[in-house]
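Structure, as structure tokens:
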Amino acid sequence: MPRHVTHVPLRWADMDALGHVNNVVYLRYLQEARVDMLFVHAPLHGAEELIEGVVVARHEIGYRAPLHFRAGSVRVETWVSTIGTASFTLGYEVLDVDDDVRTVYAVASSVLVPYDLEDARPRRVSDRERRVLAEFLEADGPMPGRTAV
Amino acid sequence: MRHVYECSVRFDDLDAFGHVNNVTFAEYLQEARVDFAHRYLAYGQRPHEGAVVVHQTIDYLAPVPFRSEPLQVSVWVTRIGTSSFDLAYEVADEKTVFARASGTLVSFDGGAEQPRPLTPQDRAVLERFTEVPA
């Protein structure tokens with residue numbers, strides 16, 4: 001299955017006092033990629049509710065290498081790792097691809113919950129949403145595991 | 001012992017759903033962590049050296065609408081390694097826990113861009129704030 005690819009522009013102020021992109025900013029890159037994927041693909045299946053009512057239940061992120069500012073953007077690849085009854089999980093890699101060499105800066109996953117904002121409660125994943133997500137299903141993608149030092 | 005950081009919610013922290021955006025919670029954790037490091041750890045006095053986050057997990061338990069009263073972000077230590085340590089966090093008020101999180105940090109030499117063993121002084125501080133998970 002394909003991954004959704006988003007090129008997120010780096011801003012100079014994404015770097016912190018250590019001179020690399022701050023850990024929090026990576027979550028913003030993931031958000032840009034996730035929203036881009038859903039805004040592009042949900043309407044193709046008439047599943048606009050996937051844009052309007054989904055909340056994040058969990059993030060896990062493993063930082064693999066420092067990312068320094070340069071002109072241009074960084075690539076974020078997004079895929080779907082599980083589709084449950086009332087939640088689904090996205091996987092992400094933040095990386096550069098140069099002559100087929102992949103430099104991975106972070107691997108992450110997010111559990112997302114379809115949410116009825118009016119009733120303020122979770123709802124089930126609809127069949128239309130399931131069709132959107134199934135296009136990007138990659139059950140054995142990389143995971144943001146922990147590395148102890 | 002836990003370090004508690006009083007964290008104000010800014011209007012700009014809310015997204016179009018009218019609650020604090022998921023990314024902003026990671027900022028709150030960072031503020032609490034930096035406040036802890038700056039007060040107690042030697043490396044916290046040198047923001048260009050410090051420690052880097054290598055892994056983090058955040059569980060979002062309840063939405064935070066706009067509020068004037070600050071949130072309490074508590075942070076404590078759950079593991080101390082040679083160069084790394086684990087922190088746990090809770091974002092809460094008197095009634096509700098809004099998020100729980102955990103993360104691994106690596107003490108880092110900014111000049112050499114290399115991990116660096118924790119100093120005995122920093123290790124002693126981290127031990128004071130250690131709470132082993134049940």
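Every number in this text was worked out from the coordinates using simple rules, so none of it is lab data. Because the structure is predicted, anything quoted here is derived from the model rather than measured. All Cβ positions, glycine included, derive from the backbone under ideal geometry; neighbour counts span all protein chains shown.
For the reader, a short list of remarks on this structure follows.
- Choice from B:64, B:75, B:54 with maximal GNM fluctuation in chain B (Cα, 10 Å cutoff): B:54
- For segment B:72-125, the convex hull spanned by the alpha carbon atoms encloses 93 Å³ per residue.
- Normalised by 2.2 N^0.38 Å, where N is the number of residues, the C-alpha radius of gyration of segment A:72-127 stands at 1.53.
- Here the contact order of chain A, divided by its residue count and restricted to Cα pairs under 8 Å and six or more residues apart, works out to 28 percent.
- Fewest-first ranking of B:34, A:113, A:101, A:21, using other Cβ atoms within 10 Å as the exposure measure: A:101, B:34, A:113, A:21
- Compactness ratio for chain B: Cα radius of gyration over 2.2 N^0.38 Å (N = residue count) comes to 1.08.
- Think of it as helices only: each DSSP H run of n ≥ 4 in chain A is worth -39500 (n - 2.57), and spread over all residues that comes to -6000 deg cm²/dmol at 222 nm.
- Among A:10, A:133, B:132 - extreme Cα towards positive end, dipole of the protein assembly as shown, charges at beta-carbon: B:132
- Across the options B:121, B:55, B:92, the greatest Cα extent toward the positive end of the charge dipole of segment B:3-128 (unit charges at beta carbon of Lys, Arg, Asp, Glu) belongs to B:121.
- Within the shell of other residues whose beta carbon sits under 13 angstrom from the beta carbon of residue A:138, the net charge comes to -3, with Lys and Arg scored +1 and Asp and Glu -1.
- Relative contact order [Cα under 8 Å, 6+ residues apart], chain B, whole percent: 29
- Spacing of the two label points (7 Å from each Cα toward its C-beta) at residue A:139 and residue B:69, in nm: 4.7
- The order of B:98, B:36, going from fewest to most other C-beta atoms within 10 Å of their C-beta, is B:98, B:36.
- Model label sites at residue A:104 and residue A:119, defined 7 Å from Cα along the beta-carbon direction, differ in position by 3.9 nm.
- Size-normalised alpha-carbon gyration radius of chain A, reference 2.2 N^0.38 Å: 1.07
- As a calculated quantity, the FRET efficiency between residue B:15 and residue A:7 at R0 = 22 Å, using C-beta atoms, amounts to about 0.50.
- For the protein assembly as shown: rounded, prolate or oblate by the Cα gyration tensor [a/c cutoff 1.5]: oblate
- All other residues whose Cβ lies under 14 angstrom from that of residue A:23 are scored, Lys and Arg at +1 and Asp and Glu at -1, for a net of -2.
- Here chain A is assigned +1 on the Cβ of each Lys and Arg and -1 on the Cβ of each Asp and Glu. Its dipole about the Cα centre then comes out at about 300 debye.
- Burial ordering of A:34, B:2, fewest other beta-carbon atoms within 10 Å first: B:2, A:34
- DSSP assigns beta bridges within the protein assembly as shown; of those with both partners inside it, close to 95 percent run antiparallel.
- Here segment B:3-128 is treated with +1 on each Lys and Arg Cβ and -1 on each Asp and Glu Cβ, and its dipole about the Cα centre works out to around 340 debye.
- Farthest positive-ward along chain B dipole, Cα basis, beta-carbon charges - from B:24, B:42, B:82: B:82
- For a modelled paramagnetic label at residue A:126, 7 Å from Cα along Cα-to-Cβ, the residues of segment A:36-65 in reach, with backbone nitrogen under 16 Å, are A:38-55.
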